[in-house]
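Right, one structure below, let's go through it.
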Amino acid sequence: MAYVALSEAEKTYILHGVEDDFRCDGRSRRDYRPMDLETGLVSNASGSARLRLANTDILVGVKTEIDVPNPLTPDFGKLEFFVDCSANATPEFEGRGGSDLAQELILSLQNAYESPLAFDYRTLCLIPGQQCWKLYIDILILECGGNLHDAVSLAAKAALFNTKLPRVTATLLDAGITDLIISDNPYDCTRIGIETVPLLVTVCKIGDYCLVDPSAEEEVCSTVSVVVSVSMRNGKAFLSGTHLTGGGAMHRDTMRNCLDLGLAIGEHLDRLLTKMLNLEQERVGPKRPQTIGFLK
């Protein structure tokens, strides 16, 4: 996270606001800041999304290529994350200043997507043991205003929703060789199912209370946070992973409360994100334009 210098009086003011369930920006402990979402911004990517959560700005692009499956999982596709912390986000990211944060975000996403119940890798398989889709999810942090884990996971899920995979047909040649024919029609494509794709919810402990969507100033006042990975299956929220950030410790009862809060907020976030994506798709209009005459 970006470093924010706060005096002891400012930290005390934030702590008292959390205790009274009235934070500095007027939110309660369970409220998120305003969120803006756009999809399909990067023309040379298979899918893209930009999410702005208050002062946090994230741009995600998804690129695809055909690769060979892992011999241990011959019927699975591949997924790879890359995070770049732009020096424009904060001066601390200049040079290799953001490498530790980028690695932490990559590991959080990899752990969340690791389970086949959280992301169905079989949908990326073309020919078991021979060919599969490999997705490169490139994440660029344009501005850092707190709560990066949540913002990155929301933007990544929106970019996967926007990703279009060209339709592939297999032809059997001589000697049992399989040839793949990729459609060059931009409208002849398939989509990735994102129903079970996980979201990360950061539950931050300040004083004796837990809250969600911490700002950069609130992150400074916290000694420990729990990042909860929430995946939806059959309309219910399931825990697909969790880890602690920060140098502090947490009592088991507090941990249990944080997990319950993370699951409830994750379920609510997933419904809101799905609604936003459907509205964005209707606004952009994914349907193929009507052709007339000899252009049919």
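The values are calculated or read from the model by the stated rules, or taken from the named source; none is laboratory data. Keep in mind that what you see is a predicted model, and the values were worked out from it rather than measured. The accessibility values were calculated without ligands, DNA or RNA, using every heavy atom of the protein model including side chains. Shrake-Rupley method; radii C 1.70, N 1.55, O 1.52, S 1.80 Å.
Some observations on this one:
- Note that the chain shows a convex hull volume over its alpha carbon atoms of 159 Å³ per residue.
- Percent accessible area from carbon and sulfur atoms, the chain, protein chains only, probe 1.4 Å: 51 percent
- Fraction of alpha-carbon pairs over 21 Å apart in region 16-127 - percent: 59 percent
- Ratio Rg/Rh, restricted to region 130-250 and using Cα atoms, in which Rh is the Kirkwood radius: 1.16
- Our coupling estimate for region 124-141, obtained by passing each phi through the Karplus curve with A = 6.51, B = -1.76, C = 1.60 and θ = phi - 60°, is 9, 7, 9, 10, x, x, 10, 9, 7, 7, 10, 9, 9, 9, 9, 10, 10, 8 Hz, Gly and Pro reported as x.
- Most mobile listed residue (T169, T242, T39) in the chain, GNM with C-alpha springs under 10 Å: T169
- Amide proton proximity set for V228, modelled H, under 5 Å, gap of 5+: V201, T202, V203
- Using alpha-carbon coordinates, inclination of helix 8-19 to the longest axis of the chain, degrees: 70 degrees
- With all projection directions averaged, the alpha carbon convex hull of region 90-129 covers 4.5 nm².
- Converting phi to 3J(HN,Hα) with the Karplus coefficients 6.51, -1.76 and 1.60 and the offset θ = phi - 60°, region 146-158 yields x, 6, 5, 4, 5, 5, 5, 5, 5, 5, 5, 5, 5 Hz in sequence order, with x at every glycine or proline.
- For the chain, the relative contact order works out to 19 percent when only alpha carbon pairs closer than 8 Å and six or more residues apart are counted.
- Where only DSSP H runs of four or more residues are counted, the chain gives -9000 deg cm²/dmol as its mean residue ellipticity at 222 nm, each run worth -39500 (n - 2.57).
- Across the cross-link table entries K11/K157; K63/K275; K78/K275, which are compared at the Cα atoms, the separations over 30 Å belong to K11/K157.
- Less than 5 angstrom separates the built amide H of Q131 from those of L126, all sequence-distant by 5 or more or on a different chain.
- A 1.4 Å probe run over the chain, with the rest of the protein chains in place, finds 53 Å² accessible per residue.
- In this structure, the amide hydrogen of C144, modeled 1.01 Å from its nitrogen in the peptide plane, lies closer than 5 angstrom to those of D57, counting only residues at least 5 positions away or on a different chain.
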